[in-house]
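We did not get these values from a lab; they are worked out from the coordinates using the rules stated. In this text, all values refer to a predicted model and were calculated from it rather than measured experimentally. Cβ: placed from backbone, ideal geometry, glycine included. Neighbour counts: every protein chain shown.
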Amino acid sequence: MIELVLMKRLLRVRSRGPGVVLSLLVVATSCCKRDNAGPRDVPATESTSTTEPGAEPTPTSEIPPGLVQGRLPPKAPTGFYPAKLTVGGVSRDVTVYFPPKLAPNPPLILAFHGTGGTAEDGVWDTAANETADAQGVLVISLQARRMPQGDWDNHEPGQVYFETYPHTTIDNNNDLQLVLATIVEAERAYGVDPKRIYTAGFSNGAFFAQFAAMALADRIAGFASSAGGLVRCPQTGSCSFVGQATDCGALAGESGWCSCSGAEKPVPLRNLTQKPAAYIAHSVRDGTVSSYYSCALSERLQSLGHPVSLALRTTGEHESPPHFMPEAWKFLSRHPLK
């Protein structure tokens, strides 16, 4: 079974339509907080992880020696600390958020913004700072590139977004290289617990959080997806279903429910021995990225034996719910890497 949680208010709206070597320039900025009204807790059930017969061994992700240079900033007072990185010859930005009290061997949340956003937006879009402040978690948010071409997620050339399908391996995806390099360096710099590394994102960031967790399943314990899902239509905009119910079975009986059977995006899902946990949130009123995709992702992951929690709501549209990561953390924190 899956967890169904009904949420109320929403926060942010997505707007749509540029080898790993690191060098860092660190700049400190002051901390600020946002106080958002959160959803009411609703009793729920959850799926559990099982290893399906015939599961493939999870590939090991490694950075070749000598390809990573530079250092993340040292531990510092609470706040946002932007860093300039060079990854495979490409200049990249990340933002480290330190909570008031960083836990020993802290968990790590890697946060990803939506289309056109900034690294700091990745923290606000997911409310990862709230989890950091309450639990002593370290948050590192990555900045997407301005891409020269469009893709299946309704992107046009020149928009800022995270790259996914069809470039789905560490060899051909600079964004994925950045994720792996950040994980390795965070473990060195802050003693991050390698069994408690999670990704979280909104919209395009949600697709990338899922993508990174599946592509680096030996490193990432789980992901939190807000307004993402599994797309088998030609493009995200190919399905514009908007529903009323908060149950996937009931939604499937409503007018306009989609049915797509193409390639799985943002990444083809495989039956691996490591099965990252998934917390999936979506408004059924979302007409930009349909909740059809989150239902498809939930069903597919459950069929592969992943632990899944699905949170559908009737409020808002293409927006991220307040206190998204604190709600997701209740589920994800119970699923470390095995």
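Using unit Cβ charges (K, R positive; D, E negative) and no other charged atoms, how large, in debye to the nearest 20, is the dipole of the stretch 144-271 about its Cα centre?
For the stretch 144-271, the charge dipole is close to 160 debye.
Let me know the Rg and Dmax you get for the stretch 186-247 when you use only its Cα atoms, in Å.
So, for the stretch 186-247, Rg and Dmax equal 15.0, 47 Å respectively.
What does a probe at Leu269 reach in the stretch 166-193, counting residues whose amide N is under 20 Å from the point 7 Å along Cα→Cβ?
Inside the label zone: 166-169.
Among Ser255, Pro266, His306, which residue has its Cα positioned farthest towards the positive end of the charge dipole of the stretch 200-338, with +1 placed on the Cβ of Lys and Arg, -1 on the Cβ of Asp and Glu, and the dipole taken about the Cα centre?
His306
Which order do peptides 307-316, 148-157 fall in by mean Cβ count within 10 Å, highest first?
So the peptides 307-316, 148-157, ranked by packing, come out 307-316, 148-157.
Between the stretch 112-147 and the stretch 288-306, how many Å separate their Cα centres?
Value for the Cα centre distance between the two parts: 23 Å.
Say R0 is 35 Å: what FRET efficiency, to the nearest 0.05, do Thr86 and Lys195 get from their beta-carbon distance?
It comes out at approximately 0.75.
Could you size up the charge dipole of the stretch 78-236 around its Cα centre, putting +1 on the beta carbon of Lys and Arg and -1 on that of Asp and Glu, and report it in debye to the nearest 20?
260
Pairs of Cα atoms under 8 Å, at least six residues apart: use those to get the relative contact order of the stretch 109-256, whole percent. Write out the running numbers ahead of the final one.
On the way: 247 pairs, mean separation 34.8, N = 148.
Taking the mean separation of contacting Cα pairs over the length of the stretch 109-256, I get 24 percent.
Along Cα→Cβ, 7 Å out, is where each label goes; now give me the distance between the ones at Asn105 and Thr315 in nm to one decimal.
3.9
Taking the Cα centre of the stretch 55-164 as origin, work out the dipole magnitude from +1 charges on Lys and Arg Cβ and -1 charges on Asp and Glu Cβ, in debye rounded to 20.
580
What's the ranking of 216-223, 123-130 by average number of surrounding C-beta atoms within 10 Å, highest first?
The peptides rank, most packed first, as 123-130, 216-223.
Could you state the number of Å between the C-alpha centres of the stretch 242-286 and the stretch 82-104?
Between the Cα centres of the stretch 82-104 and the stretch 242-286 lies a distance of 32 Å.
Amide H to amide H under 5 Å from Ser320: which residues, 5+ apart in sequence or cross-chain, H placed 1.01 Å off N in plane?
Here the answer is Leu11, Arg12, since their amide H atoms fall under 5 Å of that of Ser320.
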